[in-house]
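The values are calculated or read from the model by the stated rules, or taken from the named source; none is laboratory data. Since we're looking at a predicted model, the values are computed, not measured. All Cβ positions, even for glycine, are placed from backbone atoms using ideal geometry, and neighbour counts span all protein chains on display.
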Amino acid sequence: MPKVLIVSDSHGWSKELATLKERYQNEVDQMIHCGDSELDYNQEEIQGFQRVAGNTDYDPEFPDELTFEVIDTTFYVAHGHMHNIKMTLLPITYRASEFHAKVICHGHSHYAAATRIGDQLVINPGSIRFPRGRREETYAILEWDDNQNFVVRFYQLNGDEVKDLAFSTLLD
(Lines give C-alpha, C1' and ligand atoms only; values in the text may rest on other atoms or scores of the structure.)
Protein backbone atom coordinates (compact mmCIF):
# COMPACT_ATOMS: atom_id res chain seq x y z
CA MET A 1 0.00 0.00 0.00
CA PRO A 2 1.34 3.43 -0.87
CA LYS A 3 2.07 5.62 2.12
CA VAL A 4 2.64 9.40 2.36
CA LEU A 5 3.83 11.53 5.29
CA ILE A 6 2.16 14.97 5.41
CA VAL A 7 3.46 17.78 7.66
CA SER A 8 2.71 21.49 7.85
CA ASP A 9 3.25 24.62 9.88
CA SER A 10 6.43 23.59 11.67
CA HIS A 11 7.36 27.28 12.06
CA GLY A 12 11.12 27.00 12.40
CA TRP A 13 11.33 23.61 14.06
CA SER A 14 14.11 21.86 12.19
CA LYS A 15 15.02 19.16 14.73
CA GLU A 16 11.44 17.88 14.79
CA LEU A 17 11.31 17.74 10.98
CA ALA A 18 14.59 15.85 10.93
CA THR A 19 13.17 13.39 13.47
CA LEU A 20 10.06 12.77 11.36
CA LYS A 21 12.15 12.39 8.22
CA GLU A 22 14.42 9.88 9.92
CA ARG A 23 11.44 7.97 11.38
CA TYR A 24 9.57 7.65 8.07
CA GLN A 25 11.97 8.03 5.15
CA ASN A 26 12.24 4.27 4.61
CA GLU A 27 8.53 3.62 5.28
CA VAL A 28 6.83 6.13 2.97
CA ASP A 29 6.67 6.66 -0.77
CA GLN A 30 6.62 10.45 -0.40
CA MET A 31 7.05 13.16 2.25
CA ILE A 32 5.15 16.44 1.94
CA HIS A 33 5.52 19.74 3.80
CA CYS A 34 2.54 22.04 3.23
CA GLY A 35 4.32 25.29 4.07
CA ASP A 36 5.27 27.60 6.91
CA SER A 37 8.44 25.67 7.63
CA GLU A 38 10.27 29.00 8.03
CA LEU A 39 13.38 27.18 6.81
CA ASP A 40 15.51 27.85 3.76
CA TYR A 41 14.40 25.83 0.75
CA ASN A 42 17.75 23.99 0.65
CA GLN A 43 18.09 23.45 4.40
CA GLU A 44 19.03 19.84 5.15
CA GLU A 45 16.12 19.08 7.47
CA ILE A 46 13.51 19.75 4.76
CA GLN A 47 15.35 17.97 1.95
CA GLY A 48 13.40 14.96 0.69
CA PHE A 49 10.05 16.68 1.26
CA GLN A 50 7.88 17.93 -1.57
CA ARG A 51 7.45 21.46 -0.22
CA VAL A 52 5.59 24.69 -0.90
CA ALA A 53 5.70 28.25 0.39
CA GLY A 54 3.51 29.31 3.24
CA ASN A 55 2.73 32.86 4.28
CA THR A 56 5.78 32.86 6.61
CA ASP A 57 8.23 31.34 4.11
CA TYR A 58 10.38 33.91 2.37
CA ASP A 59 12.89 31.86 0.39
CA PRO A 60 11.92 32.52 -3.26
CA GLU A 61 12.82 28.96 -4.25
CA PHE A 62 9.66 27.64 -2.58
CA PRO A 63 6.90 27.17 -5.18
CA ASP A 64 3.39 28.37 -4.32
CA GLU A 65 1.89 25.06 -5.39
CA LEU A 66 2.91 21.60 -6.57
CA THR A 67 1.33 18.71 -8.38
CA PHE A 68 2.89 15.28 -8.61
CA GLU A 69 2.02 11.59 -8.80
CA VAL A 70 2.44 8.94 -6.14
CA ILE A 71 1.65 5.47 -7.47
CA ASP A 72 -0.83 6.75 -10.12
CA THR A 73 -2.55 9.15 -7.70
CA THR A 74 -2.30 12.88 -8.42
CA PHE A 75 -1.57 15.17 -5.47
CA TYR A 76 -2.03 18.92 -5.28
CA VAL A 77 -0.15 20.74 -2.50
CA ALA A 78 -0.50 24.40 -1.50
CA HIS A 79 -0.30 26.11 1.86
CA GLY A 80 -3.84 27.42 1.55
CA HIS A 81 -3.39 31.08 2.43
CA MET A 82 -3.94 32.07 -1.22
CA HIS A 83 -7.07 29.89 -1.42
CA ASN A 84 -8.96 31.34 1.55
CA ILE A 85 -9.08 27.92 3.25
CA LYS A 86 -10.07 29.43 6.60
CA MET A 87 -13.43 30.36 5.03
CA THR A 88 -14.06 27.53 2.56
CA LEU A 89 -12.25 24.67 0.84
CA LEU A 90 -13.91 25.28 -2.53
CA PRO A 91 -11.18 27.48 -4.09
CA ILE A 92 -8.43 24.97 -3.31
CA THR A 93 -10.54 22.06 -4.59
CA TYR A 94 -11.34 23.97 -7.78
CA ARG A 95 -7.65 24.74 -8.33
CA ALA A 96 -6.69 21.12 -7.69
CA SER A 97 -9.35 20.02 -10.18
CA GLU A 98 -7.48 21.93 -12.88
CA PHE A 99 -4.67 19.39 -12.40
CA HIS A 100 -7.04 16.41 -12.01
CA ALA A 101 -5.75 15.95 -8.47
CA LYS A 102 -7.40 13.34 -6.30
CA VAL A 103 -5.60 14.26 -3.06
CA ILE A 104 -5.22 17.85 -1.82
CA CYS A 105 -2.78 18.66 0.99
CA HIS A 106 -2.72 22.06 2.68
CA GLY A 107 -1.93 23.76 5.96
CA HIS A 108 -2.34 27.36 7.13
CA SER A 109 -5.23 27.01 9.61
CA HIS A 110 -3.32 24.67 11.97
CA TYR A 111 -6.52 22.58 12.34
CA ALA A 112 -5.94 18.88 11.71
CA ALA A 113 -8.67 17.42 9.53
CA ALA A 114 -9.42 15.23 6.55
CA THR A 115 -12.58 15.34 4.49
CA ARG A 116 -13.96 14.26 1.17
CA ILE A 117 -15.30 16.92 -1.17
CA GLY A 118 -16.78 15.46 -4.33
CA ASP A 119 -14.22 13.05 -5.71
CA GLN A 120 -11.28 14.61 -3.84
CA LEU A 121 -9.68 13.93 -0.47
CA VAL A 122 -8.61 17.12 1.35
CA ILE A 123 -6.03 16.78 4.14
CA ASN A 124 -4.74 19.37 6.59
CA PRO A 125 -2.17 17.65 8.83
CA GLY A 126 -2.49 20.37 11.46
CA SER A 127 0.64 21.89 12.96
CA ILE A 128 3.57 20.20 14.64
CA ARG A 129 4.32 23.42 16.51
CA PHE A 130 1.21 25.56 17.05
CA PRO A 131 -1.91 23.36 16.91
CA ARG A 132 -5.34 24.98 16.99
CA GLY A 133 -8.62 23.45 18.03
CA ARG A 134 -6.91 20.83 20.20
CA ARG A 135 -3.77 20.47 22.27
CA GLU A 136 -1.97 17.77 20.30
CA GLU A 137 0.61 18.81 17.73
CA THR A 138 -0.13 16.70 14.63
CA TYR A 139 1.06 15.36 11.32
CA ALA A 140 -0.68 12.86 9.03
CA ILE A 141 0.01 9.58 7.26
CA LEU A 142 -2.08 8.72 4.20
CA GLU A 143 -2.35 5.16 2.89
CA TRP A 144 -4.48 3.65 0.13
CA ASP A 145 -5.03 0.34 -1.57
CA ASP A 146 -5.68 -0.85 -5.13
CA ASN A 147 -9.44 -0.48 -4.56
CA GLN A 148 -8.99 3.27 -3.87
CA ASN A 149 -9.74 2.98 -0.16
CA PHE A 150 -7.92 5.96 1.38
CA VAL A 151 -7.12 6.12 5.10
CA VAL A 152 -5.70 9.18 6.88
CA ARG A 153 -4.27 8.79 10.37
CA PHE A 154 -2.99 11.62 12.51
CA TYR A 155 -0.08 11.38 14.95
CA GLN A 156 1.61 13.42 17.63
CA LEU A 157 5.34 14.13 17.36
CA ASN A 158 6.07 11.25 19.74
CA GLY A 159 4.40 8.87 17.26
CA ASP A 160 1.21 8.28 19.24
CA GLU A 161 -1.88 8.13 17.05
CA VAL A 162 -4.67 10.66 17.61
CA LYS A 163 -7.39 8.12 16.93
CA ASP A 164 -10.42 10.41 16.94
CA LEU A 165 -9.08 12.29 13.90
CA ALA A 166 -8.75 9.21 11.65
CA PHE A 167 -10.66 9.41 8.36
CA SER A 168 -11.29 6.92 5.58
CA THR A 169 -13.08 7.15 2.26
CA LEU A 170 -13.44 5.41 -1.04
CA LEU A 171 -12.51 7.55 -4.05
CA ASP A 172 -13.46 6.62 -7.59
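For every residue, the table says whether it meets (1) out of contact with any Lys or Arg (no Cβ under 7 Å at 6 or more places or on another chain); (2) over 24 Å from VAL70 (Cα atoms).
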site: PRO131; (1), (2): yes, yes
site: ARG134; (1), (2): yes, yes
site: GLU137; (1), (2): no, yes
site: ILE141; (1), (2): no, no
site: VAL151; (1), (2): yes, no
site: TYR155; (1), (2): yes, no
site: GLU161; (1), (2): no, no
site: ALA166; (1), (2): no, no
site: THR169; (1), (2): no, no
Task: Condition met for ILE85 (β-branched (Val, Ile, Thr), under 18 Å from TRP13 (Cβ atoms) and either assigned to a loop (DSSP other than H, G, I, E, B) or in contact with a strand residue (DSSP E or B) (Cβ under 6 Å, 6 or more places away or on another chain) (or both)) - done: no
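Tally up the residues in segment 88-122 that are among the small types (Gly, Ala, Ser), in a loop (DSSP other than H, G, I, E, B) and within 19 Å of ARG134 (Cβ to Cβ), please. Show your work before the answer.
The initial filter retains those residues of segment 88-122 that are among the small types (Gly, Ala, Ser), namely 96-97, 101, 107, 109, 112-114, 118.
Applying the additional criterion that residues be in a loop (DSSP other than H, G, I, E, B) yields 101, 107, 109, 112, 118.
Add one more test, that the residue is within 19 Å of ARG134 (Cβ to Cβ), and what stays is 107, 109, 112.
Residues meeting the conditions: 3.
With respect to ILE71, is the statement that it is of a type outside the set (Lys, Arg), surrounded by 19 or more Cβ atoms within 10 Å (Cβ to Cβ) and in contact (Cβ under 8 Å) with a residue 24 or more places away in the chain true?
no
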Task: Any chance GLN120 is closer than 21 Å to ALA166 by Cβ, surrounded by 15 or more Cβ atoms within 10 Å (Cβ to Cβ) and out of contact with any Asp or Glu (no Cβ under 8 Å at 6 or more places or on another chain) - done: yes
TODO: For LEU170, work out the one condition from (1) modelled with pLDDT under 95; (2) over 24 Å from ASP36 (Cα atoms) it doesn't fulfil.
DONE: (1)
